[in-house]
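Comments concern the structure below.
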Amino acid sequence: MPTLRPVAPAVAQALRRHGHRREALVQILREVQEQTGWLPRPALSAVAAGLGLTPATVEGVAGFYRFFHLQPVGRYHLLWNDNITDRLQGSYGLAHELGQRLHIPPGHPSADGLASMGFTSCTGLGDQGPALLLNQHQVLTRMDRQRVRDLAALVSRQVPVQDWPAHWMQVDDQVHRSGPLLGAADLQGQALQATLERGAPATLTELAASRLRGRGGAGFSVARKWTLCREAPLPEGGTRVVVCNADEGEPGTFKDRVLLSRQADAVCEGMTVAARLLGARTGLLYLRGEYRYLLGHLEAVLARRRAQGLLGRNIRGVEGFDFDIALHVGAGAYVCGEESALIESLEGRRGTPRIRPPFPVEQGYLGQPTIVNNVETFCAAAQIAWHGGAWWAAIGTPQSSGTKLHSVSGDCQRPGVYEYPFGVTVAEILHDCGARDTQAVQVGGPSGRCLAAHEFQRRLGFEDLPTAGAFMVFGHSRDMFQVAHAFSQFFAHESCGFCTPCRVGTTLVRQRMDKLAAGLGSPFDRADLDDLDALMQGTTHCGLGASSTRALRDTLERFAPAYARRLRSPGFTPGFDLDAELAPARHATGRDDARSHLEQEG
């Protein structure tokens, strides 16, 4: 079994670093685990004592996030990206071979405690998979059979990770088409200076004139959201808060990863512009746990901007303009991409979406008025503050101004990130990325829309096809049932479990899809899928449950033969062997006669 590294020093250091603040619980647990390897009960109890919480509360939070380990893992803990695009590139076969070579039993570390392995939801590396996360700190890209063999040898010999081939850990931006965001010069205060010269009210007017809408998927007016926050009353001694949502967990999306890599200054500048408009002093950037390897890069950017007078006290020499940004690393929970669940996580709790109203712009982080926008939105806001609203509004369409970044992956020659003005057709993107013989495109990730070939002239934009940025391409050789099946497994795994319609509904959908995948389907199961889809619309606590069956609905409508092939008989077919289920009872009673079997008539 893996040996437990010292707990007490790690806990004491993490508590001290975060000032024993209850809202820092997730960060404290993350830092403790980085030192100890996993989170045993003594570590959880020590953290609880240091924060004035019960051990049950701390364990409840730790158990919510998939990157926290309440059981031992290997010293080399390997997690495969489980997005459908990696599956179609053979990730399951590669994982099986790696497990055999390292003698890793399913669900457990190897007997010597050296290695453990599993799967995790999309890691934001769909354009360079199959990919792995190593101990959540390091990524390994473009895995193939030779790399698996070499990786097994390195782990077996316990070669330090820093001595592994550097090109295995290379994450490329793969930008194939740039625009005003990806192609912009580094922002080193230009947008901020323009905001100071223009003034906060006038800059808000420019933002409204730009018609910028949030790029996270919902598409709410940015100027309207910021104005509501600006006008919200402050609690005594409080401040307004600016939160950047860098938790792009939608499978198939990785454009925010690229912006954080090459335009981190623009992200910070957009947040600082927002702080000036709102009078905010606190900024938080919520970095998804899968992007933990970007933490050092972002910390360096923040340190440089503080040294340049672009963050901290009296920014740009303006008395009282105090604003700084702290980094918060998530621990693996798709639902934390929802803004109120993200705030719960920032406060050190389970990422359960809140009941609204009140909305975050009224009562958000620690009860203070809070805006939450994603990485791309802050980049756009910074450019608008610099160049003006009319400039941005002139790009795109009347209802969808500006540009949109698309994360292109799957069956195409040039996967990567593409920036287009809104209004581009699906067919144009397919042409540019080198997709041939395309059967389907999943726009916006599993919660988006699945399109068939006759729809490829549709346009990306809020008036036709809104998208959070994922663009997954599937050729005619792909089984679209298999795609929808993978998405059903994803949503069942990622449900926060708070409400019954989502917790039970996503599980029932997955079970029906599992049954069809096993060749045991019937028209009754098809009808059940339709009923479950209808049931989950409008009954779930947040949008995750309602959107979880969109891919199911679209593939049932557009690719019905993929389902029909799996309907075994016109009558009901059980999803398991009823007679086999009686085997333990027969064994206990010592019976094996004909009358003890279901297929025999009494």
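The values are calculated or read from the model by the stated rules, or taken from the named source; none is laboratory data. Model, not experiment: these values are computed from the prediction. Virtual Cβ from ideal backbone geometry, glycine too; neighbours counted across all protein chains shown. Just so you know, the surface numbers come from the protein's heavy atoms only, side chains and all, with ligands and any DNA or RNA stripped out. Shrake-Rupley method; radii C 1.70, N 1.55, O 1.52, S 1.80 Å.
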Starting from 0.36 nm per residue, how many nanometres of slack lie between Glu463 and Ala300 once their C-alpha separation is accounted for?
54.7 nm
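Taking the highest mean first, how do the peptides 462-468, 259-265 order by number of other beta carbon atoms within 10 angstrom per residue? Kindly include the intermediate steps, with their values, before the conclusion.
On the way: 462-468: 18.9, 259-265: 21.3.
Output ranking for 462-468, 259-265: 259-265, 462-468.
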If packing is taken as the average number of other Cβ atoms within 10 Å across a peptide's residues, how do 504-510, 311-317, 166-172 rank, most packed first?
504-510, 311-317, 166-172
Two-decimal log10 I(q)/I(0) for the stretch 48-155, as the Debye equation yields it once each C-alpha is a single scatterer, q = 0.10, 0.24 Å⁻¹
-0.33, -1.32
Return the loop-located trypsin sites (Lys or Arg not before Pro) in the stretch 127-160 (DSSP other than H, G, I, E, B) with at most 14 other Cβ atoms within 10 Å of their own Cβ; answer none if there are none.
Arg157
Could you tell me the relative contact order of the stretch 264-390? Use alpha-carbon pairs under 8 Å, at least six residues apart, and round to a whole percent.
28 percent
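Note down the Stokes-Einstein diffusion coefficient of the stretch 230-323 in µm²/s, whole number, using a Kirkwood radius over alpha carbon pairs, 10 °C, and 1.306 mPa s.
Stokes-Einstein gives a translational diffusion coefficient of 111 µm²/s.
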Rounded percent of accessible protein surface that carbon and sulfur make up, the stretch 62-165, 1.4 Å probe
51 percent
Quote the relative contact order of the chain in percent (integer), defining contacts as alpha-carbon pairs under 8 Å separated by 6+ residues.
13 percent
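Where does the chain land at 222 nm, in deg cm²/dmol rounded to the nearest 500, when only DSSP H runs of n ≥ 4 count, each adding -39500 (n - 2.57), divided by all residues? Before the final figure, lay out the partial values.
Working: 25 runs with 247 residues, N = 602.
Only helices count here, giving -12000 deg cm²/dmol.
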If you average the C-alpha positions of the stretch 92-141 and of the stretch 474-549 separately, how far apart do those two centres end up, in angstrom?
26 Å
Label point at Arg142 placed 7 Å out along Cα→Cβ; residues across the stretch 112-136 whose backbone nitrogen lies under 20 Å
123-134
Hey, what's the chain come to in accessible area per residue, 1.4 Å probe, Å²?
40 Å²
Based on DSSP, what percent of beta bridges with both residues in the chain are antiparallel, to the nearest 5?
45 percent
Taking all protein chains in place and a 1.4 Å probe, what share, in percent, of the accessible surface of the stretch 407-500 do carbon and sulfur account for?
49 percent
Can you bin the stretch 95-214 into rounded, prolate or oblate? Criterion: square roots of the alpha carbon gyration tensor eigenvalues sorted a ≥ b ≥ c, rounded for a/c under 1.5, prolate for a/b above b/c, oblate for the rest.
prolate
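What is the sum of charges, Lys and Arg at +1 and Asp and Glu at -1, for the other residues whose Cβ falls under 9 Å from the Cβ of Gly249? Write down the numbers at each step before the final one.
Working: positive: Arg288; negative: Asp247, Glu248, Glu250, Glu290, Glu494.
Here the charged neighbours net out to -4.
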Extending each Cα 7 Å along its Cβ direction at Ser178 and Asp150, get the distance between those two points in nm, one decimal.
3.0 nm
Sorted by chain and then number, the residues having a modelled amide H within less than 5 Å of the amide H of Arg281, at least 5 places away or on another chain, are Arg240
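Which percentage, to the nearest 5, of the DSSP beta bridges contained in the stretch 218-357 is antiparallel?
Details: 1 of 14 bridges.
Among the beta bridges of the stretch 218-357, antiparallel pairing accounts for roughly 5 percent.
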Cα gyration tensor, the stretch 351-417 - rounded (a/c under 1.5), prolate or oblate
oblate
A student applying the Cα gyration tensor rule (rounded when a/c is under 1.5; otherwise prolate if a/b is larger than b/c, oblate if not) would label the stretch 299-401 oblate
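Do any GluC sites (Glu not before Pro) in the stretch 262-336 lie in a DSSP loop with no more than 14 other beta carbon atoms within 10 Å, and if so, which?
Values: sites: Glu269, Glu290, Glu299, Glu319; in loops: Glu319.
Here the sparse-neighbourhood loop sites are Glu319.
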Here are several values of mean projected area of the Cα convex hull in nm²: (i) 25.3; (ii) 30.1; (iii) 27.0. Which one was derived from the coordinates shown?
(ii)
